[in-house]
Structures are given as structure tokens and as C-alpha cells.
Amino acid sequence: MNNSVSRIITLTKRNIKEILRDPLSLIFTIALPLFMEILFYFIFHELTAQFEMKYLAPGIVVFSESFLTLFTGLLISLDRKSSFLTRLYVSKAKSYEFIFSYALSILPIALIQSILFFLVGGIFDTSMFSVGMVLGILLSILTSMFFIGTGILFGSICSEKSIGGISSIIITGESVLSGMWFPLEGIGNGMIAFMNALPFRNATILIQNMILGVNDTFNDLLLPLIIVLGYTVVMFIVAIIAFKNRMKEK
């Protein structure tokens with residue numbers, strides 16, 4: 001167990017160094033959602049409640065996490081292309097150790113995103129500064145794990161050339177199927193049920209409810225949390241299996 005933890009820590013440090021070697025991608029991952037948060041607030045917040053900061057900031061937090069799918073996928077696919085992973089495949093490291101090290105190296109980015117977007121939102125709406133914001137930040141770490149796990153899976157099976165197109169499915173899914181950009185009034189019950197069965201909307205309303213308040217513990221907190229965690233666990237299991245198969249091929 002100690003050797004496994006030591007290998008995970010060593011691999012995590014290496015991955016962090018690799019991330020910092022490409023600051024432009026890191027800046028883009030954080031700056032674009034921040035720009036969208038401020039721009040959409042100024043343009044739309046007087047037109048519809050959907051873009052008031054108490055709704056917009058939590059939505060942007062989760063939307064920004066969808067970019068981590070692309071970021072993580074690129075990191076792994078580029079490692080696969082290089083001789084780095086090929087050399088490590090012959091070591092004693094296990095597939096889950098690789099997976100956890102990638103996840104741990106990306107989590108600080110998710111945390112920075114969440115803190116930054118909530119703080120900016122609080123500047124425009126000071127009522128957001130509450131215990132709910134702290135809880136929202138903590139829960140955003142959990143919701144980010146779904147997108148990170150998806151990125152690990154895509155990076156394990158896709159090349160660096162195709163990872164952009166595949167990851168755009170997740171980014172589009174979060175944008176369209178979360179309901180963060182438009183009110184759900186007028187949408188058919190079947191479509192709403194479909195959205196409620198996916199992780200995108202559940203991750204969004206989970207963080208939003210921390211700011212807006214939890215009226216129904218099960219429906220507002222436990223149910224979306226269970227759904228997001230369920231998808232996350234499945235995604236990591238599949239990612240570990242896919243990564244292990246790649247190791248065997250090497």
C-alpha cells in the first residue's frame with residue numbers, strides 16, 4: 001500500500017510539472033469560462049433571471065469543468081504518443097495508480113476554477129458570500145471528477161488528433177443538456193426526464209442549490225449527488241480497464 005501511494009504521489013508531481021509546461025492551455029481553460037461569466041452577466045442578467053449571478057456562477061463552475069475533459073484527454077493522449085508511458089508500462093505501477101495520479105494533478109485546476117468563478121460572482125452579487133458558497137466549492141470537486149474521469153477515458157482510447165472532437169461531445173452536453181443557458185418552461189416532460197437522468201443537469205443543479213438553498217434534501221441534494229457519483233464511478237472503472245488494456249498492448 002505504501003509503495004502504491006508513493007508511486008501515485010511521484011506520478012502526480014510529474015503530471016503537474018507537465019501541465020505547467022503548457023501555461024497557454026491552462027490559461028485558456030480558466031480564462032474562457034471567466035470571460036463568459038462576466039460577459040453573459042452584463043448582457044443578459046436584466047433580461048432573464050437565468051443569468052443572475054446566483055444561477056450563472058454555479059452554472060459556469062460546472063461548465064468550466066467540462067473543459068477539463070479536453071484538458072485531461074490531451075495530457076494523457078500526448079503522454080501515450082511519447083515514450084514516457086511506454087517506459088512506465090514496464091514498471092511496477094498499476095493502471096489505477098496512473099489514473100489516480102492524473103486525476104489528482106487536475107483537481108487543483110478544478111478547485112481554482114470554482115473559487116475564482118464564485119468570488120467573481122460574489123463581487124456582482126454579495127448575497128452569494130455564504131456557507132452555501134463554501135459548500136458549493138467543496139461539491140464542485142466531486143462534480144469535476146466526472147469530467148476528469150471522462151477525459152482520462154478519452155485520453156486512453158483516442159489519439160491527440162481526435163481527442164478534441166470527442167471531448168466536444170461532453171462540452172456540448174453540459175452546455176445543452178444542463179439547462180444552464182435557458183429556462184426549462186415549455187420543454188416536454190420526456191426531454192426533462194432525459195436531462196434529469198444524465199450527469200450534466202444534476203451536476204449543475206447540485207452546485208446551484210448550494211447557493212439558492214436546499215428545500216428538499218433528497219431531490220435538491222441527495223438525488224443529484226447520487227446520480228453524479230454513479231456516473232463518476234462508472235467512468236473511472238471503464239477508464240481503468242481501458243488504460244490497463246493499453247498497457248497490455250504495449
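The values are calculated or read from the model by the stated rules, or taken from the named source; none is laboratory data. Just so it is clear, the model here is predicted, and its values are computed rather than measured. All Cβ positions, glycine included, derive from the backbone under ideal geometry; neighbour counts span all protein chains shown. Side chains are part of the model used for accessible areas, which takes the heavy atoms of the whole protein and leaves out ligands, DNA and RNA. Shrake-Rupley method; radii C 1.70, N 1.55, O 1.52, S 1.80 Å.
Mind checking the full-extension length gain between residue 119 and residue 226? Use 0.36 nm per residue of separation minus the Cα-Cα distance, one decimal, nm.
35.8 nm
Across the chain, where is the longest run that never hits chymotrypsin sites (Phe, Trp or Tyr not before Pro) in a DSSP loop with at most 15 other C-beta atoms within 10 Å?
Result for the longest clean stretch: 1-128.
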Mean-position separation - Cα centroids, segment 189-250 and segment 110-184, in angstrom: 12
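Could you please report the charge total around residue 213, scoring K, R as +1 and D, E as -1 over all other residues with beta-carbon less than 12 angstrom from its beta-carbon?
Numbers: positive: 54; negative: 216, 220.
Net charge around residue 213: -1.
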R0 of 30 Å, Cβ-Cβ distance residue 82-residue 34: FRET efficiency to nearest 0.05: 0.45
Among (i) 1.07; (ii) 0.96; (iii) 0.99, the entry derived from the coordinates for Rg/Rh (Cα atoms, Kirkwood Rh): (iii)
Pairwise FRET efficiency - residue 47 versus residue 107, Cβ, R0 = 35 Å, nearest 0.05: 0.45
The chain - accessible surface per residue (Å², probe 1.4 Å): 48
Label-point separation, residue 25 to residue 217 (7 Å along Cα→Cβ), nm: 4.3
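Tell me the carbon and sulfur percent of the accessible area for the chain, rounded to whole percent, probe radius 1.4 Å.
69
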Segment 3-248 - charge dipole about Cα centre, Lys and Arg +1 at Cβ, Asp and Glu -1, debye rounded to 20: 1600
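May I ask you to list, by number, the DSSP H helices of the chain whose Cα span along the axis is at least 30 Å and whose average Kyte-Doolittle hydropathy reaches -1.0 or more?
Those that clear 30 Å and a mean of -1.0 are 23-44, 53-81, 95-124, 131-157, 223-249.
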